[in-house]
Amino acid sequence: MNNSKFGKTDVAKLYRRFTRSRAAAAPLPEVEALLALADGQQSDETERLLADVARSGMHADLLRFTRALAPESARLGAQLDRALERPAADHARRGRHATHAATAQRSWLRAAASVAAGLVVAIAVWSVQRTYLPAASTAAVATANSDRIFASVDDRGSANASGSDRIFHADFKPDQIFHGKFSGG
Amino acid sequence: MTLDPALRTRLHRLLADYGAKVRSLIDGHGLGQYGIDPADIEQEVRIRLWKALERDRNAAFHTSFIQRVVLTVVIDAIRAANARPVEALPEAVDDAGAAFIDPTAGPERNASGINDFDRIVGCMAELPERRRKAVALHLQGFSLREIGELSGTSEEAARKLLDRGLQSLRESLAVSGIVGDIE
């Protein structure tokens with residue numbers, strides 16, 4: 001195995017050196033795509049250009065140059081407005097806006113995704129409750145009903161305490177018969 | 001368009017100042033290594049902006065318009081330089097602009113440099129795309145904030161991608177026989 005000893009920054013240096021040397025092979029960037037990428041805009045075109053920037057030193061240099069050019073160009077625009085006595089436009093705004101718009105859009109998307117996720121969870125919980133609660137209630141009633149058969153004797157006292165329970169009490173008359181039989185026996 | 005002489009002088013001065021800044025930025029970003037002459041660019045930018053002013057003095061000179069003029073001139077100049085059949089590279093190249101073959105390095109070191117570069121690129125190709133992009137932009141000298149802005153992610157997300165990418169790259173390079181720190 002061939003070991004190469006690098007200093008602390010040699011890999012980056014080597015990468016930059018050779019990606020610049022091979023720059024002539026890469027197609028030159030489109031001005032509009034370069035401006036859009038420098039503004040922080042996201043599109044297929046800027047994605048492709050960013051891939052070129054990653055592998056071509058010339059593209060990386062041009063992108064850095066474009067970003068550095070923005071404040072100077074904004075300053076010139078404002079100076080020309082003053083010299084020509086035109087209403088001052090916010091020359092720096094476009095770049096900032098694009099960046100802020102991209103950031104705001106990302107934040108908005110994150111917030112929307114959170115709300116959507118919350119909504120999905122809420123609907124899921126509601127659906128589960130809706131599915132299981134009636135079944136649970138039925139089961140509870142069934143359990144209560146079946147329990148009543150076995151607890152009919154004990155219920156008699158409490159049935160007298162409530163008018164509505166009398167109906168159920170009436171249904172348990174057969175128990176009285178058994179009770180009577182046992183009493184007689 | 002007729003401009004009063006005082007205004008004409010003032011506009012010329014503004015464009016001259018701007019041209020000087022453009023030239024300084026071209027030098028500062030090492031664009032001269034791609035075969036363009038910063039002085040030519042400065043002059044061409046001034047001429048184009050002056051013509052635009054003459055065409056319509058009421059038109060707003062937005063940042064993007066001015067940038068577009070400069071970038072068009074620069075990219076056209078690089079294209080013209082690439083198209084020239086034989087054009088000597090500038091004699092004095094700084095580190096960033098070192099030629100593909102370093103004449104002072106000797107054949108062995110040059111060959112080793114090319115091999116190492118190819119191995120680095122090979123190891124990077126094994127990384128997942130987002131990590132590879134973060135690592136490549138880092139190696140190209142972009143800061144974490146810039147990587148985040150350019151990739152449409154937060155700085156923190158960019159840092160995570162870069163950390164994981166560099167870790168994987170370090171391991172791959174070690175396997176390939178390249179020992180060293182990438183930071």
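The values are calculated or read from the model by the stated rules, or taken from the named source; none is laboratory data. The shown structure was predicted, so the numbers you read here are calculated from the model rather than taken from an experiment. Cβ: placed from backbone, ideal geometry, glycine included. Neighbour counts: every protein chain shown. Accessible surface is based on the protein model in full, side chains and every heavy atom, while ligands, DNA and RNA are left aside. Shrake-Rupley method; radii C 1.70, N 1.55, O 1.52, S 1.80 Å.
Ballpark to the nearest 100 Å², how much total accessible area do B and A bury together, probe 1.4 Å?
Adding both sides of the contact gives about 6600 Å².
Would you mind computing, in nm to one decimal, how far apart the modelled labels at residue B:76 and residue A:111 are, each placed 7 Å from Cα along Cα→Cβ?
Taking the two extended label points, one gets 4.5 nm.
Modelled label-to-label distance, residue A:83 and residue B:160, 7 Å Cα→beta-carbon offset: nm?
Going from the residue A:83 label point to the residue B:160 one covers 5.0 nm.
On each of the three principal axes of the Cα atoms of segment A:28-83, give max minus min coordinate, whole Å, ordered largest first.
The Cα atoms of segment A:28-83 stretch 42, 21, 16 Å along the principal axes, largest first.
Leaving ligands, DNA and RNA out of it, work out the accessible area of residue B:160 with a 1.4 Å probe and give it in Å² to the nearest 10.
Rounded to the nearest 10, the figure is 90 Å².
Can you give the Rg to Rh ratio for segment B:25-65, taking only C-alpha atoms and Rh from Kirkwood?
With Rh from the inverse mean 1/r over Cα pairs, Rg/Rh is 1.10.
Starting from the Cα of residue B:57, step 7 Å along the direction of its Cβ; do the same at residue A:42; then give the gap between the two resulting points in nm.
4.6 nm
If I ignore ligands, DNA and RNA and count only protein heavy atoms, how much of residue B:156 is accessible to a 1.4 Å probe, in Å² to the nearest 10?
So the heavy atoms of residue B:156 present about 90 Å² to solvent.
Between residue B:145 and residue B:4, 0.36 nm times their residue separation minus their Cα-Cα distance comes to what?
46.1 nm
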